[in-house]
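Accompanying notes for the structure given below.
The values are calculated or read from the model by the stated rules, or taken from the named source; none is laboratory data. Remember, it's a predicted structure, so these values are computed and weren't measured experimentally. Every residue, glycine among them, receives a Cβ derived from its backbone with ideal geometry; neighbour counts consider all protein chains shown. These area figures cover heavy atoms from the full protein model, side chains too; ligands, DNA and RNA do not enter into them. Shrake-Rupley method; radii C 1.70, N 1.55, O 1.52, S 1.80 Å.
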Amino acid sequence: MPYFSRFILFLFCLMVLVESRKPKKRRWTGQLGTAKPSHLYKKNPDMTKIRHGKPQPLLRVDDHDFTMRPAFGGVSGLTLAPQDFTMTLYLRHYWKDERLAFPSASNKSMTFDGRLVKKIWVPDVFFVHSKRSFIHDTTTDNIMLRVFPDGQVLYSMRITVTAMCNMDFSHFPLDSQTCSLELESYAYTDEDLMLYWKNGDESLKTDEKISLSQFLIQKFHTTSRLAFYSSTGWYNRLYINFTLRRHIFFFLLQTYFPATLMVMLSWVSFWIDRRAVPARVSLGITTVLTMSTIITGVNASMPRVSYIKAVDIYLWVSFVFVFLSVLEYAAVNYLTTVQERRAQKLQEKLPCMCGMLHSRTMTLDGSCSESEANSLAGYPRSHILTEEDRQDKIGVHLALSNESSSSRKKGLLKGQVGLRIFQNTHAIDKYSRLIFPASYIFFNLIYWSVFA
C-alpha cells in the first residue's frame, strides 16, 4: 500500500510538471467589442493590374536623359585563326607616394612582396586587346614592391600576355608583321593619372638570346598617345611596337621548291614521243594532282582571308603551267590524229607500187630534202608526189639487196630510227621546249623582284 501511494504521488507530480510547461493562453476580460479596421492590415490593391495612362519615372530628375549607352568592346566568340602573339615580360612601374616616405640613414630602400600591394595605392594598368594574361605564381606571386626613403616606389611584376595582332598576309610568306602591346589605365583619365615611358625606347630591355622559329625580330620601339572613349573620356595609352620578319627558308623547302620541280617535271613530256599516249598523259595528271596537294596543304595552315597572298600567286601560276602542258599534249595528239587521217586518204589515192624485186616500201611523215627527191628520178612521174602533197606524205622506196652486208644493214637501221624520231616530233613540242621554260623564268624574275 505505501508503494501504491508513492506511485500515485509520482504521477501527480509528473502531470503538474507537464501542465506547467505548456504555453498559457491569454485570457481577455471584459466585453468583446468589434475590432476597428487598421491601416496596417488593409489589403493594398494589385499595382500590376492597374493601367496608368502615362508611366511615372522612378527618378524625378528634370532634364535627365534616360537612354542607355552601352560600350561595345568587340566580338570574342568568333575564331577563324589565332592572329595573336604571346609575350612574357617584366612590367615595372615607377611613381612617388609621399605617404610612404620614411626617415632612414642606413637603409637605402625597403623591399616587400605582394602582400603589401593590397594595402597601398597602385596604378590600375591593364593590357588593351589582350586575350589572356596572368601573373606568374611559382613558387610565390612574382610581385616585388620596393619603397625608397623619399617616397619613390618601384612596383615590378612578371606577366605573360596573349594579345591580338592584326596581321596582313598579302605578302605571305615574304611578309613582315608589326604588332603592338598596349597599356592603359582602366579607371583614371589623363586628368587623374599620366602614363609615360621613363626613358623612351631605352625603357625596353630585350634578351639578345630570344629567337623565334618562323620570325626574325627586327626592332622594338615605344610610342604613347591619347585614347578617347565617348562614355568616359581621354586616357593615356602606352605602346610597345615590334616588327617581325618571317623566315623564308622553311617555305622554300616546303612550298616553292616542290612547286618548281613539278613544273619542270611537266616539261619532260615535250621530249617524249607524241605517240606514247599513256606515258605523257600519266605524267601530266600526276603533276596536276601533286600541285593540287601542295596548294591544299598551304591553305590548310593559313587563315581564310578574302584577299590573295603572294604564295597563292606563285602556286596558281605554277598550276597553270602544269595544266597547260597537259593541254599542249592534247593539242599535239589531236593534230597528229588529223595528219594521220589525211595521210591515209592520200595513200589510198596512190597507185600500187608492185613488181619491184626484193624491195620494201617505207612511208614516213614530214618533208624530204632536194637530194632525196632527185633520187626518185628513175620512177615514172605518176609515182612521184607533187610539192603540195609532199608536205603531208612522202613515199620513199628503198631496195635492199639480199647480198648486202650486215654492217650496211645496221647503218641503214640507225638512219631509219633517227629519221623516224625527227619526223614524229611535232612543231608544237619544239616550240614548247623553249616557250614554257622561258616564260616560267620570266615569271620568277618578276615575282621575286616584287615580293622579295
Restricted to region 289-312 and to residues being assigned to a loop (DSSP other than H, G, I, E, B) and free of Cβ contacts under 8 Å to residues at least 12 places away in the same chain, the residue surrounded by the fewest Cβ atoms within 10 Å (Cβ to Cβ) is Ser306
- [ ] Could you tell me whether any residue of region 221-236 is modelled with pLDDT under 90, farther than 23 Å from Arg158 by Cβ and not in a loop (DSSP other than H, G, I, E, B)?
- [x] no
Taking the conditions exactly as written (over 30 Å from Gln339 (Cβ atoms), assigned by the TED database to the domain that holds Val326 and among the acidic types (Asp, Glu)), does Asp312 satisfy them or not? yes
(1) at pLDDT below 90; (2) outside the structural domain of Asp192 (by the TED database) all hold for Phe257 apart from (1)
Apart from one, (1) without any contact (Cβ under 8 Å) to a residue 40 or more places away in the chain; (2) in contact with a Lys or Arg (Cβ under 9 Å, 6 or more places away or on another chain); (3) among the hydroxyl-bearing types (Ser, Thr, Tyr); (4) loosely packed, with under 13 Cβ neighbours inside 10 Å all hold for Ser231; the odd one out is (1)
For region 259-273, the count of residues that are in a loop (DSSP other than H, G, I, E, B) and within 22 Å of Tyr440 (Cβ to Cβ) equals 1
Checked Leu174, Leu244 against criteria (surrounded by 16 or more Cβ atoms within 10 Å (Cβ to Cβ), outside any strand (DSSP E or B) and in contact with a Phe, Trp or Tyr (Cβ under 6 Å, 6 or more places away or on another chain)); the one match is Leu174
When region 274-286 is checked residue by residue, the ones that are surrounded by 15 or more Cβ atoms within 10 Å (Cβ to Cβ) and either outside any helix (DSSP H, G or I) or hydrophobic (A, V, I, L, M, F, W, C) (or both) are Arg274, Val281, Leu283
Is it the case, given these coordinates, that Arg146 is among the charged types (D, E, K, R) and either within 29 Å of Arg245 (Cβ to Cβ) or touching a strand residue (DSSP E or B) at 6+ places or on another chain (Cβ under 6 Å) (or both)? yes
May I ask you to verify whether Ser211 is open to solvent by 30 Å² or more (accessible area, probe 1.4 Å), small (Gly, Ala, Ser) and part of a helix (DSSP H, G or I)? no
